[in-house]
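Asker: Sharing a structure with you now.
The values are calculated or read from the model by the stated rules, or taken from the named source; none is laboratory data. Remember, it's a predicted structure, so these values are computed and weren't measured experimentally. Here the Cβ positions follow ideal geometry from the backbone for every residue, glycine too, while neighbour counts run over all protein chains shown. SASA here: full protein model, heavy atoms, side chains in, ligands and nucleic acids out. Shrake-Rupley method; radii C 1.70, N 1.55, O 1.52, S 1.80 Å.
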Amino acid sequence: MIAGGLILLGNMPARADYKSGYLAYQAGNYHAALQEWQDVANSDPRAAYAMGLIYYRGNLGRTDYDSAAKWFGIAARANHANALYYMGLLSLNGWGVPYDQFKATDFFKRSLDADPDNADAAFLLAQQYMHGRGAMQNYVDAAHYYLKAAQLGLPAGQYMIGAMYERGWGVNRNLAEAYYWLRLSALNPITTPPGTELDADPGKAVALLEQKLRPEEIRRVENRLGTRIN
């Protein structure tokens, strides 16, 4: 997941302590990384975010969501895009922070504003609107964010926007467009962010749609998919 990576470069000038911590992290020396980052985490959101990741991933031997939330929270207050995403994920699941769907929605929105390429944030925001969790149920907004996740290459987003086009939920019903996205979603395993799930069977959905489409419509979709289906 793109949102889970450590970023060495950024808009802020690199600090020696942050770089030392990064190198220690890359070497698997997580205690040394924490020691390097501890001194700068309150003033450098990259270091605070990185510390949050260590606790979130359980690099010290066990997952510590409370500590992860503390450091992600510090980075999120500086509008660190990935920290905002993880604060949304923690709020969504009640890990280390109170279970709060409205805060989760807000964090995902802020994360996507800060990093428009975060497909997972777009997908989870779509889920919030789709199911009316932490936001008023709105299929138009759900379809908008599913499409964004799909265009960013997330198979779960591709599957869901395909389903939306098939049913005409939040978009004009278009079986050929549904078929395109469902075919695309079937090319890779469908996974969702931690603590979430999606009941998806793209192969079955594709087979059912093929019975409703004309041969020329199927050929047009295959031409559109191009080499990706080979």
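Asker: Only four residue types carry charge here, +1 at the Cβ of Lys and Arg and -1 at the Cβ of Asp and Glu. Report the dipole size of the chain about the Cα centre in Debye, rounded to the nearest 20.
Answerer: With only Lys, Arg, Asp and Glu charged at Cβ, the dipole is about 360 debye.
Asker: Additional query: Would you list, by chain and number, the lysines whose Cα falls below 22 Å from the Cα of K70, excluding same-chain residues fewer than 8 positions away?
Answerer: K19, K103, K109
Asker: While we're on this one: Shape call for segment 116-181 from the C-alpha gyration tensor, a ≥ b ≥ c root eigenvalues: rounded (a/c under 1.5), prolate (a/b greater than b/c) or oblate?
Answerer: Oblate, because a/c is 1.5 or more while a/b does not exceed b/c.
Asker: Rounded if a/c is under 1.5, else prolate if a/b beats b/c, else oblate: with a ≥ b ≥ c from the C-alpha gyration tensor eigenvalues square-rooted, which is segment 156-230?
Answerer: Verdict is oblate for segment 156-230.
Asker: Can I ask one more? Where the Cα atoms of the chain are projected onto their three principal axes, how long is each span, largest first, in whole Å?
Answerer: 64, 39, 32
Asker: Which residue, Q38, Q101, Q127, has the most motion in a Gaussian network model of the chain that connects Cα atoms within less than 10 Å?
Answerer: Its mean-square fluctuation being the largest, the pick is Q38.
Asker: Give me the angle, in degrees from 0 to 90, between the Cα long axis of helix 215-225 and the longest principal axis of the Cα atoms of the chain, rounded to the nearest 10.
Answerer: 20 degrees
Asker: HN-Hα J couplings of segment 49-63 from phi, Karplus 6.51/-1.76/1.60, θ = phi - 60°, integer Hz, Gly and Pro as x?
Answerer: Working through the residues one at a time gives 4, 5, 5, x, 4, 4, 6, 5, 7, x, 5, 8, x, 8, 6 Hz.
Asker: Hey, any idea what % of the chain's accessible area is carbon plus sulfur with a 1.4 Å probe?
Answerer: Heavy-atom surface of the chain belonging to carbon and sulfur, 1.4 Å probe: 47 percent.
Asker: Please list 3J(HN,Hα) in residue order for segment 194-207, calculated via the Karplus relation 6.51 cos²θ - 1.76 cosθ + 1.60 where θ = phi - 60°; whole Hz, with x for glycine and proline.
Answerer: x, x, 10, 8, 9, 7, 9, 9, x, x, 5, 5, 5, 4
Asker: In nm, what is the difference between 0.36 nm times the number of residues separating Q101 and N79 and their Cα-Cα distance?
Answerer: Residue separation times 0.36 nm, minus the Cα-Cα distance, leaves 6.0 nm.
Asker: Round to the nearest 0.05 the FRET efficiency obtained for V206 and A27 when R0 = 41 Å and r is the Cβ-Cβ distance.
Answerer: 0.35
Asker: Which loop trypsin sites (Lys or Arg not before Pro) in segment 59-100, with loop taken from DSSP, have no more than 13 other Cβ atoms within 10 angstrom of their Cβ?
Answerer: R62
Asker: Determine how large the accessible area of T63 is when every protein chain is in place; take a 1.4 Å probe and give Å² rounded to the nearest 10.
Answerer: 60 Å²
Asker: From the residues G28, G58, F108, which one has its Cα farthest along the dipole of the chain in the positive direction, the dipole being from +1 and -1 charges on Cβ of Lys/Arg and Asp/Glu about the Cα centre?
Answerer: F108
Asker: Output ³J(HN,Hα) for segment 164-177: one whole-Hz value per residue in order, computed from phi by the Karplus curve 6.51 cos²θ - 1.76 cosθ + 1.60 with θ = phi - 60°, and x for Gly and Pro.
Answerer: Each residue of segment 164-177 in turn: 5, 5, 5, 8, x, 9, x, 9, 5, 4, 8, 5, 5, 5 Hz.
Asker: Could you give the nm distance between label points at R214 and L60, where each point is 7 Å from its Cα heading toward the beta carbon?
Answerer: Output for this residue pair reads 6.5 nm.
Asker: Straight-line reach from K204: which lysines have a Cα under 20 Å away, not including same-chain ones fewer than 8 places off?
Answerer: The qualifying lysines are K212.
Asker: While we're here: Compare the Cα positions of V206, A121, I190 along the charge dipole of segment 101-230 (+1 at Cβ of Lys, Arg; -1 at Cβ of Asp, Glu; about the Cα centre) and return the one farthest towards the positive end.
Answerer: V206
Asker: Any chance you could get the radius of gyration and Dmax over the Cα atoms of segment 8-109, in Å?
Answerer: 13.2, 38
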